[in-house]
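Every number in this text was worked out from the coordinates using simple rules, so none of it is lab data. Fair warning: this is a prediction, and the values are worked out from it, not measured in the lab. Counting neighbours? That spans all protein chains shown, and the Cβs are built from the backbone with ideal geometry, glycine included.
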Amino acid sequence: MEGHKEPLWLRVEGSHCSLSEMDDFDLTRALEKPRQLKIERKRSFDERSMSELSTGYARQDSILEMAHSPGSRSMVDTPLSVRNSFEPHPMVAEAWEALRRSMVFFRGQPVGTIAAYDHASEEVLNYDQVFVRDFVPSALAFLMNGEPDIVKNFLLKTLQLQGWEKRVDRFKLGEGVMPASFKVLHDPVRKTDTIVADFGESAIGRVAPVDSGFWWIILLRAYTKSTADLTLSETPECQRGMRLILSLCLSEGFDTFPTLLCADGCSMVDRRMGVYGYPIEIQALFFMALRCALSMLKPDEEGREFIERIVKRLHALSFHMRSYFWLDFQQLNDIYRYKTEEYSHTAVNKFNVMPDSIPDWVFDFMPLRGGYFVGNVSPARMDFRWFSLGNCVSILSSLATPDQSMAIMDLLEHRWEELVGEMPLKICYPCIESHEWRIVTGCDPKNTRWSYHNGGSWPVLLWTLTAACIKTGRPQIARRAIDLIESRLHRDCWPEYYDGKQGRYVGKQARKYQTWSIAGYLVAKMMLEDPSHIGMISLEEDKQMKPVIKRSASWTC
Ligand code: GLC
């Protein structure tokens, strides 16, 4: 096995070539190692432009062209990441063991992984459930290891749950809503298994998980790409499931923006944290799910209309996000000098953002080179906080232009101390405290400064960071992050999150053996080892969609 030799691909430190150059680069290097090659260099279904799709519908089967070769994985019991490495880190084997321990079975079939397997903790809360968002890294780990069955079962089970009638008190939820989580109840006497699911009706704050449906679509594509099994996504049930999710977020209403309006706490940050309105995480997942759905929807009588709506929305959404959510040195300076009270079509400050509302920290935080998508943009409100998941998903989905993707990574490198510190990766930066914390969180004792959702550090975010690093050709950044994780995570029993400005302390109320911390690590390791895995979770830039933002002045400095 040639695994002991560092893949050539990984040796390109600090390269700054464009993403399209990187694509060529990756693939030629990958070709030098035929046993690692799982992506064929053909034009993929994803690469078809949206404008092309709006006119003539391309062949459905082209998704096969980029699919990983399925038959190559036979020894499913031994994790490939253990077999392939010359000297696997001892954590890898332990992580696989812990991941397998977390598997949940329904009538003998694996259908997901439990959120945390923390024996020591007295209160279980809802950590004994299978969360849709938490299962994503587990699913990717299983797919990368050639074990797609659990992923297929999960996709089908959650699809069934989507069909349930959902109510909060006397109010009926939209048909397409996917559950936040579900639990399998085993009756040892009757020998029966039943399922209970939560669509937000028993969650804190009673908020429906907007991200679940998007993750479901993204995972369906990852499964299809990884296995080349088109039969699942093409079933009438899956096609309908996608359409139901899409009708929830593509419906016409009073919106004047193409972004999706949400309540606080409807995604990973599932408590009140001032992420209501148009949070970046949801917008990036929305964009990615739309693109994934586009690659899987059949252009039949029912699908065609959705395809057309998706194409239009993607154009508007990418324009809006790239123009109004993007912040770099130049843009910050422009906002700082904004005039207010501008009416009519000539307004530059379209949302009437008051320059006085720019927080002090952002002036120091912003490097000359680098940038990011801000947390939220709505009338007279820009949330300048940096959120890691939204920015990484923007890179993976190509919502960020190649220049913007590079700038996001530049900023991360530049602000490593603040954003990574001693434990990758901060969920957001900076924290909110004092009066602002009281107003924004409603005095939430779990979300005190630099803890949990309020500037806490979440090991699970390592996989999205690693994927973004690979896509932008900066694997050395991921390596640094993995080194940090390897020095602590196992010793600390795989906590859910860390606290403190540097992320040095195990989180106040963090679960131990949190499954997505475990799976996130495995996915990061497997992707670095075999970067072709990235194809499952990344979408190429649509060359037809012209970037609207030019390089800012910071690029020439
Ligand atoms: C917490 C997190 C949420 C996660 C859940 C289960 O509520 O905020 O994102 O899905 O725990 O791990």
Handout entry: Separation of alpha-carbon centers, the stretch 268-307 and the stretch 443-464, rounded to whole Å
Key = 24 Å
Completion exercise
By the Cα gyration tensor axes a ≥ b ≥ c (a/c under 1.5 gives rounded; else a/b larger than b/c gives prolate, otherwise oblate), the shape of the stretch 268-335 is oblate
Handout entry: Of K225/K426; K339/K446; K339/K426; K298/K350; K152/K298; K172/K512, those spanning more than 27 Å from alpha-carbon to alpha-carbon
Key = K225/K426; K339/K446; K339/K426; K298/K350; K172/K512
Handout entry: Among Y127, V210, L173 the positive-end extreme of the charge dipole of the stretch 119-266 (Cβ point charges)
Key = L173
Practice task
Using R₀ = 25 Å, calculate the FRET efficiency as 1/(1 + (r/R₀)^6) where r is the Cβ-Cβ separation of N153 and D300; round to 0.05.
Solution key: 0.45
Practice task
May I ask which residue of S394, G456, S434 lies farthest towards the positive end of the charge dipole of the stretch 372-462, with charges of +1 (Lys, Arg) and -1 (Asp, Glu) on Cβ and the Cα centre as origin?
Solution key: S434
Fill in the blank from the handout: At R0 = 25 Å the Cβ-Cβ FRET efficiency linking E308 and T346, nearest 0.05, sits at 0.20
Handout entry: Point-charge dipole on Cβ atoms (K/R +1, D/E -1) for the stretch 242-336, about Cα centre, debye to 20
Key = 120 debye
Completion exercise
The simple spin-label model distance between I204 and K172, using points 7 Å out along Cα→Cβ, in nm, is 3.2 nm
Fill in the blank from the handout: Expected sort for E496, E201, E341, E433 with the fewest Cβ neighbours (10 Å cutoff) up front is E341, E433, E201, E496
Practice task
Could I have the simple spin-label model distance between I195 and S487, label points 7 Å from Cα toward Cβ, reported in nm to one decimal?
Solution key: 4.3 nm
Handout entry: Packing-based order for 131-141, 219-229, 504-514, using average beta carbon neighbours within 10 Å, highest first
Key = 131-141, 219-229, 504-514
Fill in the blank from the handout: For the stretch 521-535, Karplus-derived ³J(HN,Hα) couplings (6.51, -1.76, 1.60; θ = phi - 60°; whole Hz; x for glycine and proline) come out as 5, 4, 5, 4, 4, 5, 5, 5, 5, 9, x, 5, 4, 4, x
Exercise for the section: Kindly list the residues of the stretch 436-451 that lie in the label zone of N126, defined by a backbone N under 12 Å from the point 7 Å along the Cα-to-C-beta vector. Expected result: none
Completion exercise
In debye to the nearest 20, the charge dipole size for the stretch 482-548, taken about the Cα centre with +1 at each Lys and Arg Cβ and -1 at each Asp and Glu Cβ, equals 440 debye
Practice task
Report, by chain and number, residues whose modeled amide H sits under 5 Å from the one on G455, excluding near sequence neighbours (fewer than 5 apart, same chain).
Solution key: I427, C428
Completion exercise
Projected onto the charge dipole of the stretch 488-546 (unit charges on the beta-carbon of Lys, Arg, Asp and Glu, signs +1, +1, -1, -1), the Cα from M536, P495, S517 with the largest positive-side position is that of P495
Practice task
Using packing as a proxy for protection, rank 420-432, 297-309, 393-405 so that the peptide with the highest average count of other Cβ atoms within 10 Å comes first.
Solution key: 393-405, 420-432, 297-309
Practice task
Just order 458-468, 250-260, 323-333, 524-534 by mean Cβ neighbour count inside 10 Å, highest at the front, would you?
Solution key: 458-468, 524-534, 323-333, 250-260
Exercise for the section: Rounded, prolate or oblate: pick one for the stretch 192-279, where a ≥ b ≥ c are the square roots of the eigenvalues of its C-alpha gyration tensor, a/c under 1.5 means rounded, and failing that, prolate if a/b is larger than b/c, else oblate. Expected result: oblate
Exercise for the section: Quick one: P(r) of the stretch 117-214 from all Cα-Cα pairs, 5 Å bins, percents rounded to integers, in order of increasing distance. Expected result: 2, 12, 19, 21, 20, 15, 8, 2, 0
